[in-house]
Every structure is written in C-alpha cells, then in structure tokens.
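The values are calculated or read from the model by the stated rules, or taken from the named source; none is laboratory data. Small disclaimer: the values here were computed from a predicted structure and weren't measured. As a convention, Cβ positions derive from the backbone with ideal geometry for all residues, glycine included, and neighbour counts pool all protein chains shown. Surface areas here come from the heavy atoms of the whole protein model, side chains and all, with no ligands, DNA or RNA. Shrake-Rupley method; radii C 1.70, N 1.55, O 1.52, S 1.80 Å.
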Amino acid sequence: MNILVTGAAGFIGMHTARALLDAGHRVVGIDNLNDYYPVALKEARLATLRERPDFVWRQLDIADRDSIAALFAAEPFDAVVHLAAQAGVRHSLRDPHAYVSANLLGFTNILEGCRHARTPHLVFASTSSVYGQNAKVPFHEADPTDHPVSFYAATKKANEAMAHSYAHLYGLPVTGLRFFTVYGPWGRPDMAPWLFTEAILAGRPIKVFNHGQLQRDFTYIDDIVDGIVRLLPLAPTAGGDGSRPDESWAPYRLCNIGNHDPIPLLRFIETLEAAIGREAIKEFLPMQPGDVPATFADTDKLAGLTGFSPRTPLREGLDRFVAWYRRYHVDILPGLKSGDSYGAQARH
Ligand SMILES: NC(=O)c1ccc[n+]([C@@H]2O[C@H](COP(=O)([O-])OP(=O)(O)OC[C@H]3O[C@@H](n4cnc5c(N)ncnc54)[C@H](O)[C@@H]3O)[C@@H](O)[C@H]2O)c1
C-alpha cells in the first residue's frame, strides 16, 4: 500500500512509519518539525526513516491548506494515518491557539484531502483524555465524553465529531483511535517517563502530582503500533444503526487502544527506579488543572476487530526506554550537537 503518515517525525509517527516500511509498504511522511520540544529529537527520529528507500519525506504544515491539498492531489494514498497534532494536556492551558491550528484547522485539511482523493481509510489519533473525569472503569468507547477537562481533549473530541460528519456526508471510512499514555524508546520529552528519568539521573526531585493518587494505563509503543498496523486494512463500512456514540450508520468507528492495566503512579515510579537502578527524590504536589485522576482502557472492541493483545509488561517496557534514553544521550545526541551525521548515529 501507499500510506501517508502525518507527524512522521513524532514519537508514534516514527514508530508507525517504521513498522509500515518493515511490512513492505511505501510511506510518505510529513511533519512540520515544530519546536514544541527539541527539534533535534524529531530530526534524529526522521533520520532512521530517511535511510529507507520506500520512505518519502516532505516537511509540511498540516495547517497549510494549499500544501495539503496539493499533497493529496499529487498521488493517491491507500490509507492515511493521521498522527500530527499539538499534543499535551498542560501546554493547552498555555497556548490554546497551537491546538486550534494543528488539531482543528490541520485536521480539517486532512479530512478535505481524504474526501477529495476518496481515501479508502483514514485512521486518526484521538486520546483517552476525551473521557475526562469518567469514573466508570474500564473506559468503554460508548461512555459519555461530553465534558472535556482540558482544551487539548476538547480539540480531540472535536476531531471525532468532525470525522463523523465526513464519514456521513462523503462516505469517508474513518477510524478514530483513543490512545492511552504511550511510552517507549524515542518517546516524548514532555511526558512522565522521560521527565522522571531525566530528573532521577540528574539527582533532581520529580514532581508527583495529586500526591501520587493517579493511575495511568501505560501502553508500550510496539503494542500501539501493532494495533494501528492491524487496523489499517480494516476500513469500517456503513450500515450500523447509529445507536451508540462510537458506532454509526456511517463508515465510522472509535476504538480504545491501551494496555488494559492501569498502573498507580507510585508503582510506576518504583518500577522506573528499578529500571534505572536509582531512587527518586519525590516532591508531592496537588492535582494539576486539566489532568484526570485515572485512565483504564476497555480494549475488547479493538481485540475483536484485529486480535490486538498488548503484550509488554511495564518493567520490560521501561527497561527498554531507559536503555534507549541512555544510548540517546551518550551516543546520539552528542553527535547531533557536534554536527556529525545524525543519520549514522541514530541507526543504533
Ligand atoms: N503519546 C501519547 O501518549 C498520546 C496519547 C494520546 C493521544 N496521542 C496523540 O497521538 C498523536 C501522536 O502523538 P505523539 O506522542 O507521537 O506526539 P509527537 O508530538 O511526538 O508527534 C506529533 C508530531 O506532529 C507534528 N506536528 C504538530 N503540528 C503539526 C502541523 N501543524 N503540521 C505538521 N506536523 C505537525 C509534530 O512536529 C510532531 O512531530 C497525536 O495526535 C497525539 O495527540 C498521543
């Protein structure tokens, strides 16, 4: 297949593109390489893709209407994996306009591209954050998601509604995937695994919000990618009765993609300490605005559709993350800073 992956220099995008290339597909990857977090990391991820002959790279902003229209007009895609977005709950309190640009305007441009090109399947990233303060666990796709507690979640909830209207109006087959806290090698510097590892190694305190009374359904990147790759050939078809918010008469569906194993924050920290071989200094703080107390994915729907079965225990996933984190800072990053070919370095 010829597949467009947006956000290809991002954490999930790079791993997804790599897996699709491994499976023999041609991948067109786009990203605007913005500086929400260090661009060097995005470039190093990209370098691992650019050495692959079936990977085509274009630096594009999805909010640029003409460029995205031209991209879709230039060649047909058999599927689109839309992962480019302004991510992060906390940042959405500081810079909501970044979310409007990437997540609302950019998303509209991707929908329009798929509509005019009659793309057979659009798979896009939503988030567990749409469940807000849902107290019923595990979170099921048909649970109410009408009360987002961050602007980030509000834009992702909007994406789900926007995608549904395109599925209904134009018959565009769309799957929205609600990702649950993804972690692993090449992960995001604004997320807990990276922030905590960095602080523990530097002997600095880690910030433990809500006094540790948080739970997250941490999901290892390879399991997430496995779910995406399995789902891609399975475009939804029209014909449901529309009786559930996650299904519809239109060719549209929503699926959770998570580990189905919520981890209390303090257990997560203990496991990370063991993986690093050092204790954390903990600074206990109150709940942060926009945060949710717990996430827990019901993944029966995705399992039923694809056989998805997450298989990476937290300790194993964190061991791999910490090993990568050390290698990145020892072998890869210094090469980037000194201007060496990061392509060669990033191959490790
Ligand atoms: N990582 C998680 O735990 C998690 C959880 C829930 C949802 N998600 C969603 O999954 C997707 C991928 O997340 P990630 O963790 O890989 O984040 P990421 O920030 O590493 O990747 C997103 C990529 O999109 C690019 N991008 C942002 N705005 C763009 C624009 N206007 N034009 C082109 N490219 C743009 C960024 O440069 C970045 O490389 C996002 O949609 C995110 O909201 C992630």
Please work out if Glu112 is in contact with a strand residue (DSSP E or B) (Cβ under 9 Å, 6 or more places away or on another chain) and surrounded by fewer than 22 Cβ atoms within 10 Å (Cβ to Cβ).
no
Screening Asp223, Asp190 for residues that are open to solvent by 30 Å² or more (accessible area, probe 1.4 Å) and either within 14 Å of the ligand (Cβ to nearest atom) or in contact with a Phe, Trp or Tyr (Cβ under 9 Å, 6 or more places away or on another chain) (or both) leaves only Asp190
Of residues in region 6-30 being of a type in the set (Val, Ile, Thr) and within 10 Å of the ligand (Cβ to nearest atom), the one nearest to Pro185 (Cα to Cα):
Ile12
Here is a check on your reading of the model: is Asn256 surrounded by 14 or more Cβ atoms within 10 Å (Cβ to Cβ) and part of a strand (DSSP E or B)?
yes
Filtered residues of region 272-303 (kept if of a type in the set (Lys, Arg) and surrounded by 18 or more Cβ atoms within 10 Å (Cβ to Cβ)):
Lys301
Please list, ordered by first then second residue, the pairs with beta carbon atoms under 6 Å, 6 or more apart or interchain, first in region 42-65 and over 24 Å from Tyr99 (Cα atoms), second part of a helix (DSSP H, G or I) and within 14 Å of the ligand (Cβ to nearest atom).
Leu49/Ala17; Phe55/Leu49
